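Derivation of every value follows stated rules applied to the coordinates shown; laboratory data play no part. Just so it is clear, the model here is predicted, and its values are computed rather than measured. Because the Cβ atoms are built from the backbone with ideal geometry, glycine has one as well, and the counts that use them run over all protein chains shown.
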Amino acid sequence: MSAAGKDDVRPGHPVDRAQYVLAAVLLVVGVYTIVDARGLTVGFGDPIGPRVFPYAVGAGMVVLSVVLAVATARGDVAEAEGGEDVDLTAPADWLTVAKLVGVLVLAMLLVNLLGWAITGAALFAGCAWALGSRTPVRDVVVGAVLSVGSWYFFYVVLDVPLPPAILDGIL
């Protein structure tokens, strides 16, 4: 242990314990994903079944955890981003956070009443407003295009019905 009690230092190799923790978390989540995928029911007519994706994601996480642990053991340390423009000494903007939380809560409360197309447009425009946009008309138009487009994508392509609510029969 070093005098500061942070990291052990071998000759030429600083030890980044946070990377080992991340590797361990990746391993645990990957193994859990693989084990949990065994509980999915598979129909006899589907040769691939729904298990393939969680198995692939879990196996990928396990492989990445091993690669990260080996890289960390070899002394690879993450490099700080040189172009970071965030002032870490500045206080948090809690007003913006409160606005975003309010917009999200309002969207959750209104999605079944107004439907996804209207709520999604309002959600986009509200988040843009909370983050300082000065073009509300454009924000509503972009939000409407994105929300109607995503509604049709979920409904037609993925066969997942999102609530149309008051626009039922129009969409």
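Structure notes:
- Note on Leu64 and Ile170: with the Förster distance fixed at 35 Å, the Cβ-Cβ geometry gives a FRET efficiency of about 0.15.
- Model label points for Asp36 and Leu131, set 7 angstrom from Cα along the Cα-to-Cβ axis, are 2.8 nm apart.
- The alpha-carbon positions of region 98-141 define a convex hull whose volume is 46 Å³ per residue.
- Anisotropy class assigned to region 30-157 is oblate, per the alpha carbon gyration tensor with a/c at or over the 1.5 cut-off and a/b no larger than b/c.
- The packing ranking, built from the mean of other Cβ atoms within 10 Å per residue, places the peptides 101-109, 121-129, 60-68 in the order 121-129, 60-68, 101-109, highest first.
- Cα Rg over Rh - region 94-167, Kirkwood: 1.01
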